[in-house]
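**Q** Below is the structure I would like to discuss, written out as structure tokens.
Readers should treat all values here as calculations from the given coordinates under stated rules, not as data from a laboratory. No experiment lies behind these values; they were computed from the predicted model shown. In this analysis, Cβ positions are derived from the backbone assuming ideal geometry, glycine residues included, and neighbour counts consider all displayed protein chains.
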Amino acid sequence: MNNNLAFKFSASLLMLLAFSSVTNADHSHQHIKSMGIDVYMMVMPAEIIGGYPKDHPETLMHRSERRVDGNQFHISIGVLEEKNGRRIQNLEVSARIIAKDYLGPVKKMGKMTMQGEPGFGNYFVTPDFGAYKVEVKIQHVNQSDALIVTFEQAQV
């Protein structure tokens, strides 16, 4: 391999590694590993969800929860087995928003489909400014033990 080709290959490899590291770091606030479980969170403005037809499962799931005022977001949670990446479905999932001067209500997350995979979701109102936390409680149906994970989220 000539020096010029070796340099280009090395530079390309370094750029790829740097981009991969940045990408993982950027998404680390949306992923928590705990007790052999991978928990992923996705937050999107409620307006994005509004495009579903009336009879779409995601629209029907949350129709009584949706408001149009305030900082409203749809929060989706995916729960997977860490060892094999399989989605865990037989769960009860709830969440709440916590901020400096705000403690939101605990809301049950409804079952939904995210990118063709089962997950859980609901609408939440967030504080108008500053950072907040999303506290998520994950419990197997008919079991008393629960896993509680807390995601740090910056206001967008």
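**Q** Run the numbers for Val125 and Asn142: contour at 0.36 nm per residue of separation, minus the present Cα-Cα distance, in nm.
**A** Length gained, Val125 through Asn142: 3.2 nm.
**Q** Roughly how many nanometres apart are two label points built 7 Å out from the Cα toward the Cβ at Met114 and Asn71?
**A** The answer from the label model is 2.0 nm.
**Q** Here's a follow-up. Set the Förster distance to 22 Å, then compute FRET efficiency between Asp101 and Met42 from the Cβ-Cβ distance, nearest 0.05.
**A** On the way: r = 26 Å, r/R0 = 1.17.
The calculated FRET efficiency here is 0.30.
**Q** Expected output is a single nm value to one decimal: the length gained when fully extending between Gln89 and Ser34, i.e. 0.36 nm times separation in residues minus the C-alpha distance. What is it?
**A** 18.1 nm
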